Structure formats: C-alpha cells, structure tokens
Number of protein chains: 2
Amino acid sequence: MTEKAFQDYYSEKFSHCYGCGRKNEHGHQIKSYWDGEESVAVYEPEPYHIAIPGFVYGGLIASLIDCHGTGTAAAATYREQGRAMDSEPALRFVTASLKVDFLAPTPLGVPLEIRATVSQITPKKVVVDEKVTANGKICATGQVIAVKMPDSMLAGKEPQSR
Amino acid sequence: MTEKAFQDYYSEKFSHCYGCGRKNEHGHQIKSYWDGEESVAVYEPEPYHIAIPGFVYGGLIASLIDCHGTGTAAAATYREQGRAMDSEPALRFVTASLKVDFLAPTPLGVPLEIRATVSQITPKKVVVDEKVTANGKICATGQVIAVKMPDSMLAGKEPQSR
C-alpha cells in the first residue's frame, strides 16, 4: 500500500465530505490506498451504525462504496496520466450512479474491507467495481460510475463552521 | 398522509436502524407516510452532511432512498394484504439491491423530499422507485429491491447499549 491515503491529497476545500473528508469530525473519514491494481479501504462501523441487532446498516455500506469509488476514480486517473496525486490541476470526481447488491447480512463489530478495481476509464468517466467483506466473506458488491466534478460544484461556497 | 409513520409501527427490536429507527439517537430517524399511491418522507440534512461546500453528501441520499424504500415495501405489502400495519405477523424487509442515479448536485440547507411508488410486488420482493427533490427540483432517482427479512437477521441478538 502507499503511505498516504487518496483522500489526504484532497485540498482543504474538498476535505469536508461526510464520508471521506479528513476535516469532517462527524464523518467516517475513510482512507483509501492502492494495493497493486486494487484499491482498499478498511472501516469499522460504530455500534450505532446498526440495521437490526447484530448487523450493519446498508446505507453505511452504500456510503463506503460511494466514497471509496470516487477516491479510486481520482487516483486511477492520476495514475493513468502518469501524474503524482499532488500535481495540478487537481482531479476530483463525483458519483453519477451508484449500485449496491447486498449479498449477505453484514455483521456489526468487525472491520469491513472495501476493495475496488477500475473496469473502465475514459476522459469523462471512471467505472469502479467494488466488494465489501467482513470476516473474509463478501457481504456486498457495488459499482460506482464517477464523473469529473461539474463546474457548478467546483464553484460552491465555503462550508459553514460547525 | 396517514398520521403515524411506517417506522413507528416497527417493534422495539427493529427500531434501532441508523436510517430510520426511532430508538437510534445518532441516526436519521426518517419518517415515511402514504400520500395516496405514493409514499413520502421529508428530511433536512445536517450541516455536516456535506459532500463539497454547498452540497449534500451522496451517501446520505442513498441512505434515505434505502430506508424509505424498505419502509414503503413493508407498508405496501400490508396494504396489499388488506392488513393494518400493527397486525401480526409483522412484515419487515431488507434491501437486496439499491441503485441511485445522481442527476444534479443536491443543495445543502433545505429539506429533501423523498417520494416513492411501488412498481412490483410479489410474495418475495417489492420493487420501489424513488425520487429525491430539493427546492422542487429532482436531484436523484433511485430504486430499491426489497425482500422479506431472512431468518438469520430475524434471529439476531439484541443491540449493545450505546
């Protein structure tokens, strides 16, 4: 794995995301890394990230797939262009489409591993396929279609203080 | 609309969900109601449910679609069976598949309305189509394929105290 997470390269303005922003003290602050051709993130849900007793809330799993997907899309694009992740102009992606298949109930109380591969990369979009495992068993698979961030979002105002 | 939300009929054991459980003080506690043939929920994201400055985090939108979808699946099944929602045996659904298309950036700071219709209902699954609007504009559409809760989840242990 690389030492610095994809998300740690995001500028301060783009580091407030509830799923992966290092500046969001309320959020999940997930960290994604390369592991060869795959990217990986590990996240242990909080006890209150519950669906029903003993199992993880599906919305959290969707959230992890979403943020790990957009982070992987950016990292893969830098890599394809032969650029360092701290080079300019910065590349940021948003999710155009998110699909999650829940294959088995996901146990609460253990770390979840989210692994992704990039199945398509074009100048406009990146398709990322993911799987979420707990205790070595695949609990969910997902796909994120990530697109370059639109200008309307890049021009957004600064966040309110929390 | 009906007076009592779908989620308010869930037994205590099944009221801890981070998305819609009335007993989860950390969670979203969304409330879904019938409005004719559609179901509707309204949720105003917190300032920290941010993606980038000014816009809502997509994982939250996926979560709202997820929980509103499973709640609607249960309510629609009770309705189709001509049963009151507090009648036994209780019907609970989980998400087999979740799909979200993000059509436009979702502004932060206004209530989001989630509306759903049931496009398919069989003994084993319910397909729920949804749209999320902010300021009257559709920001996302989604589909939940909800299935009857498996026995392995129904037999889950009680949640830890938080």
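All alpha carbon pair distances within the range B:6-154 were sorted into 10 Å bins beginning at 0; the resulting P(r) in whole percents reads 12, 44, 33, 10, 1.
Tally Lys/Arg at +1 and Asp/Glu at -1 over every other residue whose Cβ is under 11 Å from the Cβ of A:GLY59; what's the total?
Numbers: positive: none; negative: A:ASP66, B:ASP66.
Local net charge: -2.
Loop-located trypsin sites (Lys or Arg not before Pro) in the range B:80-150 (DSSP state other than H, G, I, E, B) with a sparse environment of at most 14 neighbouring Cβ atoms within 10 Å: B:ARG83, B:LYS124. Shown here for the range A:1-105: GluC sites (Glu not before Pro) in loop regions (DSSP other than H, G, I, E, B) with at most 15 other Cβ atoms within 10 Å, namely A:GLU3, A:GLU25, A:GLU37.
Helix A:58-80 sits at what angle to the longest principal axis of chain A, using alpha carbons and giving 0 to 90 degrees rounded to 10? With both axes taken from Cα atoms, the answer is about 30 degrees. Comparing Cα centroids, the range A:38-53 and the range B:36-70 end up 19 angstrom apart. Straight-line reach from B:LYS4: taking Cα to Cα under 13 Å and skipping same-chain neighbours fewer than 8 places apart, the aspartates and glutamates in range are B:ASP35, B:ASP86.
For the cross-link pairs A:LYS31/B:LYS125; A:LYS137/B:LYS99; A:LYS13/A:LYS131; A:LYS13/A:LYS137; A:LYS23/B:LYS131; A:LYS99/B:LYS131, which exceed 25 Å when the distance is taken from alpha carbon to alpha carbon? Don't skip to the answer; put the middle values down first.
Numbers: A:LYS31/B:LYS125 35 Å; A:LYS137/B:LYS99 22 Å; A:LYS13/A:LYS131 29 Å; A:LYS13/A:LYS137 37 Å; A:LYS23/B:LYS131 30 Å; A:LYS99/B:LYS131 15 Å.
Beyond 25 Å: A:LYS31/B:LYS125; A:LYS13/A:LYS131; A:LYS13/A:LYS137; A:LYS23/B:LYS131.
In chain B, helices alone account for a calculated mean residue ellipticity at 222 nm of -5500 deg cm²/dmol, with every DSSP H run of four or more residues adding -39,500 (n - 2.57).
Per residue of peptide B:66-75, the mean number of Cβ atoms on other chains within 10 Å of the residue Cβ is 2.
Ordering B:PHE55, A:VAL56, B:VAL147 by the projection of their Cα atoms onto the charge dipole of the protein assembly as shown, which places +1 on the Cβ of Lys and Arg and -1 on the Cβ of Asp and Glu, puts B:VAL147 at the extreme positive end. Counting only Cα atoms, the protein assembly as shown measures 61, 44, 35 Å along its principal axes, largest extent leading. Note on A:THR106, A:THR141: ascending count of other Cβ atoms within 10 Å places them as A:THR141, A:THR106, the fewest first. Taking B:TYR48, B:TYR33, B:TYR18 as the candidate residues, the one with maximal mean-square fluctuation in a Gaussian network model of chain B, Cα springs under 10 Å, is B:TYR48.
Basic side chains Lys and Arg get +1 at the Cβ, acidic Asp and Glu get -1 at the Cβ, and with that the dipole of the protein assembly as shown about its Cα centre reaches some 200 debye.
Just so you know, all these numbers are worked out from the coordinates, no wet-lab data involved. All values derive from a computational prediction rather than experimental measurement. Backbone-built Cβ (ideal geometry, glycine too); neighbour counts: all protein chains shown.
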